[in-house]
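The values are calculated or read from the model by the stated rules, or taken from the named source; none is laboratory data. Bear in mind the structure is a predicted one, so any value in this text is a computation, not a measurement.
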């Protein structure tokens, strides 16, 4: 019986304390997360959460679209319909709008070199997923192509290649679909 009275006294004391906090310092309940009557603050937080959720959904869609476009470009490269430099420049074009994260994980003196290295990595990944294809020979050819481009002054900047890469980038729009068949 004593423990029941003791529990009742503790509960009554807590209720009085919470009531006192509410009357004297309404912010105290909000700080404790107990102010359920502050509807405007709740709505502001909810709207902010919805905005952040929409932003994250948009970023996810942009990332997925970029991945699909780059996979299409790698397929074009592996099928022999594009060369390394064209594909590298097209990768760079895919990353332009909205701007992608900086290319800090790939070594190189220029953006074109870094994008060519990224293309080689993507091609390696695609080839590893295709049983029966000789990935090492194709990757060696791409790395040799990059070495030749780096050895040739202006090899990463020749104008006709930019035009070809722009045409390759435009083909993305016509062939971009989720199915890579």
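Mind counting the residues in the stretch 95-144 that are part of a loop (DSSP other than H, G, I, E, B) and under 30 Å from residue 56 (Cα atoms)? Don't jump to the end; show me each part of the working.
Start the filter on the stretch 95-144 by keeping residues that are part of a loop (DSSP other than H, G, I, E, B), which leaves 95-110, 129-134.
Subsequent filtering for residues that are under 30 Å from residue 56 (Cα atoms) retains 95-107, 129.
Number of matching residues: 14.
Would you check if residue 121 is at pLDDT 90 or above and either over 23 Å from the mean Cα position of the chain (by Cα) or at positive phi (or both)? Spelling it out, it is not the case that residue 121 is at pLDDT 90 or above and either over 23 Å from the mean Cα position of the chain (by Cα) or at positive phi (or both). Residues that are modelled with pLDDT under 90 and assigned to a helix (DSSP H, G or I) are absent from the stretch 70-80.
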